[in-house]
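Some notes on the structure that comes next.
The values are calculated or read from the model by the stated rules, or taken from the named source; none is laboratory data. Predicted, not measured: the structure shown is a model, and the values here were computed from it. Cβ placement follows ideal geometry from the backbone for every residue including glycine, while neighbour counts extend to all protein chains displayed. All accessible areas refer to the heavy atoms of the entire protein, side chains included, with ligands and DNA or RNA removed. Shrake-Rupley method; radii C 1.70, N 1.55, O 1.52, S 1.80 Å.
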Amino acid sequence: MAGLISRRAFGVAAALTALFTLAGCDRVPGLAGVAGSGGKSSFKAIDITGADYGRELSLTDTEGRRRTLADFRGKIVVLFFGFTHCPDVCPTTMVELAEAKRQLGADGERIQGIFVTIDPERDTPELLKAYVSNFDPSFVALRGDAEETKKAAREFKVFYAKVPGKTPDSYTMDHTAGSYVIDAQGRLRLFTRYGSGVQALVDDLKLLLAEAKG
């Protein structure tokens with residue numbers, strides 16, 4: 001498949017994730033004052049409860065409907081920005097999310113995976129629908145035009161950039177490798193680092209599900 005992410009791109013994405021983890025207060029405005037950024041958190045992921053970003057998302061799904069975070073209120077949302085031509089980070093992340101959802105049994109129905117493309121030039125609605133369905137039929141893919149994609153990425157502090165290939169359509173994308181977790185009330189709560197594994201995600205989702213049950 002054309003446009004596969006290069007080793008360099010993978011390394012940059014991993015480095016960005018590490019930098020986010022180690023220097024979050026510098027790279028992500030507002031992190032210094034949020035819960036979990038100082039003391040010990042019960043979560044395995046980075047606790048960004050109270051962050052002043054990641055509050056809005058308005059993009060189109062593969063059926064042409066405009067979707068916002070409010071549409072998924074009541075579910076725990078795991079939000080990932082990626083692209084379908086990515087051979088490493090993106091499919092691994094989606095596989096792990098699908099497995100975490102499966103391990104949660106009946107509670108897995110309360111988990112909503114959302115894949116936001118950073119490559120709307122190649123990621124058509126048809127391709128996106130087939131891509132996310134391959135991991136889990138309940139996963140939702142969202143896309144926008146170039147400007148809408150930039151706006152969504154800025155809102156969630158997501159980095160992405162096109163890396164030219166040997167031909168115009170063989171480019172790849174450098175991008176932030178982690179996922180965001182949004183609780184049942186629609187509040188941004190966690191940043192999960194790529195490579196954390198399924199069990200860490202399951203443990204964190206269980207905590208948020210327990211909160212929602214109250």
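The modelled label-to-label distance between Glu148 and Asn134, using points 7 Å beyond Cα along the C-beta direction, is 2.4 nm. Protein-only accessible surface at a 1.4 angstrom probe places the residues Glu126, Glu155 in the order Glu126, Glu155, largest first.
Counting heavy atoms of the protein chains only and a 1.4 Å probe, report the per residue accessible area for region 101-197 as a whole number of Å².
Values: 4370 Å² over 97 residues.
Counting only protein heavy atoms, the per-residue value for region 101-197 is 45 Å².
Annotation: for a label point projected 7 angstrom from Cα along Cα→Cβ of Arg55, residues of region 166-188 with backbone N closer than 19 Å are 180-188. Where in region 187-201 is the amide nitrogen less than 16 Å from a point lying 7 Å along the Cα-to-Cβ axis of Ala210? Within reach of a label on Ala210, which here means backbone N under 16 Å from a point 7 Å along Cα→Cβ, region 187-201 contributes 200-201. In the complete set of protein chains, residue-level accessible area for Lys101 is approximately 20 Å², probe 1.4 angstrom. Only lysines eight or more places from Lys101 in sequence, or on another chain, were considered; those with a Cα closer than 21 Å are Lys44, Lys75, Lys129, Lys206, Lys213. Label zone of Gln185 (point 7 Å out along Cα→Cβ, amide N under 17 Å): in region 50-64 this covers 50-56.
Given R₀ = 30 Å, what would the calculated FRET efficiency be for Glu109 paired with Val163, taking r from the Cβ atoms and rounding to 0.05? That gives a FRET efficiency of 0.20.
Using θ = phi - 60° in the Karplus curve 6.51 cos²θ - 1.76 cosθ + 1.60, the 3J(HN,Hα) couplings for region 94-104 round to 5, 4, 5, 5, 4, 5, 4, 4, 5, 5, 7 Hz; x is entered for Gly and Pro.
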